[in-house]
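Step one of this worksheet: look at the structure below.
What follows draws every value from the coordinates through simple rules; no lab data is involved. Since the model is a prediction, treat every value here as computed from it, not as a measurement. In this analysis, Cβ positions are derived from the backbone assuming ideal geometry, glycine residues included, and neighbour counts consider all displayed protein chains.
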Amino acid sequence: MSFEVNGHNIFLIVFVCFISSFLLMFLIKKISNYLGILDVPNLKRKIHTTPIPLLGGIGIFLSFLIGYMLFAPKNTLMLSVLISSFLVLLLGIFDDFGKKEQKTIPAKYKFIVHIIIASIIVFYGGLELTNVSIFNLNINFGFLSPFITIFIIVGSINAINFIDGLDGLCAGISSIYFLTIAIIALGLNMLGGLDVILSLIMLGATLGYLFHNFPPATIYQGDTGSTFLGLMIAVIALIGFKTLTLTSLIIPLIVLFIPIIDMIFAILRRKIKGMKITDADANHIHHQLLKMGLAKRKSILVIYGIDLIFSVTSIFYALGYRNEMIVSYVFIIFFVLFLIFKTDILFERKEKKEKK
């Protein structure tokens, strides 16, 4: 028997998951400190200056689990999501534990596990993206749909993981995404969908963690949390297409514009410099804002602001104001890209080299 969602108990779901996540973080901090699972500062690319507990992702997952048991329907799809979530959690925990000894899991093995995780949801859970519409153009994937779905899940896991480099950044963007899906569902009077229930659960769980992670952060989620958030973002988007809460591919793409474009630039930048795609650097979008002289909080708020603009535009697009919002999308995207290209996110500008 599933929990019926309506306008009155939306807040109950968010509140229960928020409180459980908020309180769990205190316990997780103590455990992380006791075990020595800390994010130690690295002057080359780390922003913080003191060791920070690194197992916040476990708290997010446990809060999600509480929300699932209380509010979500129990079916094969959710079982596949639980299995995949548990695997991504284990992978993240092993990787975060390895950081203690400076021995993380090689990227290629993590990538293989990500494909296995996505395959469980697709082939066991039966969740596939068979067709999409974008700018009124409908595309049917046919026999390619399982592989495209796996690509989307793996891509989301890594895009969210890529952007997790500044206090409050990953959790904040994820929270905006979950909130956007919930508002769209409320506007379309489609509150009973699984995607909406999961969005509300994840919104509460992520906000509870964000309370501890917003600058100055007292806990980090590690790969455990960022990969789990990426997985749930993809799952919610795919279920949204299946239940017609999301009727266009443009909505999740635009709401996640910052992490997607940051991942694309990171891949291009590292290829141009002859680096491995998995090699970490300090030239992500948030690093560029810090180089401009913005403090941590201001950098975070700037990115939140951009993401909220995309979110509001997507909400109006979903509610039927399509032609107007398409024009807005184009303008906002070109403006943001113009600002990004003014930085050295791809190439180090000549004047900077000459000063050295």
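Test of understanding: what is the full-extension gain from Met190 to Met292, defined as 0.36 nm times their sequence separation minus their Cα-Cα distance? If you can, show how the numbers build up before the last one.
On the way: separation 102, 0.36 × 102 = 36.72 nm, distance 4.29 nm.
Between Met190 and Met292, full extension yields 32.4 nm more.
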Asn131 long-range amide H proximity, modeled H, under 5 Å: Phe141
Ascending count of other beta-carbon atoms within 10 Å, so fewest first, for Thr313, Thr76, Thr227: Thr76, Thr313, Thr227
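Ranked by Cβ crowding within 10 angstrom, fewest neighbours first, how are Lys291, Lys271 ordered? Can you show the working numbers first?
Working: Lys291 15, Lys271 11.
The order, fewest Cβ neighbours first, is Lys271, Lys291.
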Per-pair calculated FRET efficiency, R0 = 41 Å: Asn140 and Leu308 via Cβ, rounded to 0.05: 0.80
Per-residue HN-Hα couplings for region 269-279 [Karplus 6.51, -1.76, 1.60; θ = phi - 60°; Hz; x = Gly/Pro]: 4, 6, 5, 4, 8, x, 8, 6, 4, 7, 6
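Considering every Cα-Cα pair within the chain, what fraction, in whole percent, is farther apart than 38 Å?
On the way: 7969 of 63190 pairs.
That fraction is 13 percent.
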J(HN,Hα) series, region 296-310, from Karplus relation 6.51 cos²θ - 1.76 cosθ + 1.60, nearest Hz, glycine and proline x: 3, 4, 5, 4, 4, 5, 4, 5, 4, x, 4, 5, 5, 4, 4
Within region 269-303: backbone nitrogen closer than 15 Å to the Leu337 label point (7 Å, Cα to C-beta): none
Hz values of 3J(HN,Hα) by residue in region 117-132 - Karplus curve (6.51, -1.76, 1.60), Gly and Pro given as x: 4, 5, 5, 4, 5, 6, 8, 8, x, x, 8, 9, 9, 8, 7, 9
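Compute the FRET efficiency between Leu253 and Tyr34 as 1/(1 + (r/R0)^6), taking r as their Cβ-Cβ distance and R0 = 56 Å, and round to the nearest 0.05. Don't jump to the answer; show the numbers that get you there.
Values: r = 42 Å, r/R0 = 0.75.
Once the sixth-power term is evaluated, E becomes 0.85.
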